[in-house]
Amino acid sequence: MQTEKTDVLVIGAGPAGTVAGAIVNKAGYKVRVVEKMKFPRFVIGESLLPRCMEALEEAELLDSVLEQSFQRKTGAKFVRDGVICDYSFSDQFTDGWDHAYQVTRADFDKALADGLEAKGVPIDYETTVTAIKFNDDGSSVTTITDAQGDEKQIEAKFIIDGSGYGRVIPRLFGLDKPSNLPPRKAVFVHTKDVNRQMDDEPDRITIVVHKPDIWVWIIPFATGITSVGFVGDPAFFEKYSGSPEEIMRSLIADEPYIAERMKGIEYLWEPRVLQSWSATTEKFFGNGFVLTGNVTEFLDPVFSSGVTLATVSSQIAGKLVVRQLQGEKVDWEKEYTEVMMQGVNTFRSYVMGWYDTTLHTIFFAKDQNPDIKKMICSVLAGYVWDTDNTYVREHDTALKKLAKTIKLRDSIEYINNGFK
Ligand code: FAD
C-alpha cells in the first residue's frame, strides 16, 4: 500500500478542520486534510457568532469568507407572543466583534476549504479515514480510502480530528459518551423569502418561542433565501404526519408569527429532519491527537454556538499542536480541555436556561437592566471565555438569580397594582 508522510493530518474540511489546518500551516508545518465528502456539500449551522470571526482572522481565512458577500449579522432577536427582545452585538460588555455573518454552509465551508488549499494545504476530497494506529511516541499511521476504493496510508506526527458528526477518533477508539442534554429534533428548510422586510429583518437571526420547549429559527441569507427550522422535544413532532413538506407547512401554520412571516413562501427543497445530535467524548486529546469542533461536544443550536466552538477549539488546539511540534511541553488538560469546557459549560447553562424557561423570563422582562443585558449579549456573541463578565463567570447561578429577582419584582408590582 502506498504510504505518504505529513507533519499533521487533519480529518474533516469543515470549519474545525480548516481553521486548525490553517493555523498549523501558518507555523510552517506540513499539513494534509482528508475529507469524506465532495465540496460543496450541505450541512446545517448557518448563523455565526462574532467570536468566530476572531478565529477565522487568526487562521487568515477571513478574506476567503468576506469575498462571498454573506449576509451581515448584527444581532439576535427573540420573539414570544408578540413581545420582542432584541440583542445588538454593538451593545455588549466584551470588547469584540460587533457582527458576524449568516451563511449557506455549503458556500461558507467551500470558501474556507478553498482558502486553505490556496495556502498550499492539500485536501483529499471523497476520502474517508477507516483506521488509525498510534505508536508509543504519538506518531500514527492512518488508512484512508478514496472515491475509487483505493487505500493509502498516511504517516503523521500528530492528528487533529475535526470530523464533526463523523466522530472518527471517538468511534474508532470507543471514546463516545452520551450528552447530559435530552435528545432534540429539528425540521428545517430553505425558502424563497418573499416577505422579507428590508429595514431590519435580514441582519439578525430571529428565534421565535412556539411552546416553552419548542422554538423556531429564521435565518435570512444575502441571496433572498431564508432558512427556517423548528426545534425541540421529539415527542412534540409526533402529532404531525404526512410528507416532510406537509409536516413543515402544518408546523408553520400552527405558529402565528411564523405563519404570517412565511405566508406564500416556496420551499427550495424537501424539508430535512435531524435528531439527537448532542454527544460528547471521554477525552478531548490523547497521545498524538486532539479533537476539535463538534467531535468534542455539540450542545444545541439555540444560541448558534456550534461553528464558534468549532473554530475557537481549532484556533486553540492548532496553536498547541505547533508548540508541541516545536518541542515544548503542552499541558493539554489545562491548556485545552479546561479552556474549552469553560466555553462549553457557559453555553450549556444558557441552553438549559432556555429550555427550562429561565431565559424566557429574562429576555421578555419589562425594564431590563442595560448593564446586565450587555453582559448576556456578550455570551450570545460567543464571548464565553471573558470571565470578567459575571454572566460568564457565574453562568450556572447568575441566570437563575436574575430570573428570580424579575419574578419577585413582577409579583410585587402585580400586588401593588391590585391594591390601587
Ligand atoms: P462539520 O461541519 O460537520 O465538518 C466535519 C467534516 O468532517 C465534514 O465535512 C465531514 O464530511 C467530514 N468527515 C466526517 N467523517 C469523516 C471521515 N471518516 N473521514 C474524513 N472526513 C470525515 N452552528 C452554528 O454555529 N450556528 C447555527 O445556526 C447552527 N444551527 C444548527 C442547527 C441544527 C439543527 C444542528 C444539528 C446544528 C447546528 N449548528 C449550528 C451546529 C453546526 O452544525 C456544527 O457545530 C458545525 O458544523 C461543526 O463544525 P465542524 O467543523 O466541527 O464539523
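The values are calculated or read from the model by the stated rules, or taken from the named source; none is laboratory data. If you're wondering where the values come from, they're calculated on a predicted model, not measured in any experiment. Glycine gets a Cβ as well: all are built from the backbone with ideal geometry, and neighbour counts include every protein chain shown.
Observations, loosely collected:
- Evaluating Val79 against the criteria (1) in contact with a Ser or Thr (Cβ under 8 Å, 6 or more places away or on another chain); (2) of a type in the set (Val, Ile, Thr); (3) without any contact (Cβ under 8 Å) to a residue 40 or more places away in the chain leaves one unmet condition, (3).
- Cβ-Cβ under 7 Å pairs, at least 6 apart or on other chains, region 375-391 side in contact (Cβ under 8 Å) with a residue 24 or more places away in the chain and on the phi > 0 side of the Ramachandran plot, far side in a helix (DSSP H, G or I) and of a type outside the set (Lys, Arg): Gly382/Pro50; Gly382/Cys52; Gly382/Thr308
- Pairing each residue of region 268-291 that is closer than 12 Å to Leu175 by Cβ and touching a residue at least 12 places away in the same chain (Cβ under 8 Å) with any residue that is assigned to a strand (DSSP E or B) and of a type in the set (Val, Ile, Thr), provided the two are 6+ apart or on different chains, yields C-beta distances under 6 Å for Phe289/Ile159.
- Flag for Lys133 being of a type in the set (Lys, Arg), farther than 30 Å from Leu359 by Cα and without any contact (Cβ under 8 Å) to a residue 12 or more places away in the chain: yes
- Pairs where the first residue, in region 174-196, is touching a residue at least 12 places away in the same chain (Cβ under 8 Å) and within 18 Å of Ala235 (Cβ to Cβ) and the second is assigned to a loop (DSSP other than H, G, I, E, B) and away from the ligand (no atom under 16 Å from the Cβ), C-beta under 9 Å, 6+ apart: Val187/Tyr240
- Listed by first and then second residue, the pairs linking a residue in region 325-337 that is without any contact (Cβ under 8 Å) to a residue 12 or more places away in the chain to a residue that is surrounded by fewer than 16 Cβ atoms within 10 Å (Cβ to Cβ) and assigned to a helix (DSSP H, G or I), with Cβ atoms under 7 Å apart and 6 or more places separating them unless they lie on different chains, are Val330/Arg323.
- Taken as a whole, the condition of being more than 10 Å from the ligand (Cβ to nearest atom), of a type in the set (Asp, Glu) and under 16 Å from Ile11 (Cα atoms) applies to Glu117.
- Restricting region 141-188 to residues that are of a type in the set (Phe, Trp, Tyr) and within 11 Å of the ligand (Cβ to nearest atom), the residue that is modelled with the highest pLDDT is Phe188.
- Across region 260-293, the number of residues qualifying as in a helix (DSSP H, G or I) and at pLDDT below 95 comes to 2.
- Of the residues making up region 67-98, those that are out of contact with any Cys (no Cβ under 6 Å at 6 or more places or on another chain) and among the polar types (S, T, N, Q) are Gln68, Ser69, Gln71, Thr74, Ser88, Ser90, Thr94.
- Gly45 vs. criteria at pLDDT 95 or above, at positive phi and assigned to a loop (DSSP other than H, G, I, E, B): yes
- Only listed residue being among the β-branched types (Val, Ile, Thr), more than 24 Å from Gly288 (Cα to Cα) and touching a strand residue (DSSP E or B) at 6+ places or on another chain (Cβ under 9 Å), chosen from Ile160, Ile84, Ile144, Ile154: Ile84
- Strands (runs of 3 or more DSSP E) fully within region 50-126 that include at least 1 residues being touching a Pro at 6+ places or on another chain (Cβ under 6 Å): 71-73, 100-102.
- Residues (within 19 Å of Gln153 (Cβ to Cβ), more than 10 Å from the ligand (Cβ to nearest atom) and touching a Gly at 6+ places or on another chain (Cβ under 6 Å)) located in region 1-50: Val31
- Region 189-201 - residue that is hydrophobic (A, V, I, L, M, F, W, C) and either within 9 Å of the ligand (Cβ to nearest atom) or at pLDDT below 95 (or both) and, of those, surrounded by the most Cβ atoms within 10 Å (Cβ to Cβ): Val194
- Residues that are within 18 Å of the chain's Cα centre (by Cα) and among the hydroxyl-bearing types (Ser, Thr, Tyr), drawn from region 256-282: Ser276, Ser278, Thr280, Thr281
- Considering Ser304, Ser314, Ser349, the condition of being crowded, with 18+ Cβ neighbours inside 10 Å, on the phi > 0 side of the Ramachandran plot and at pLDDT 95 or above is satisfied by Ser304 alone.
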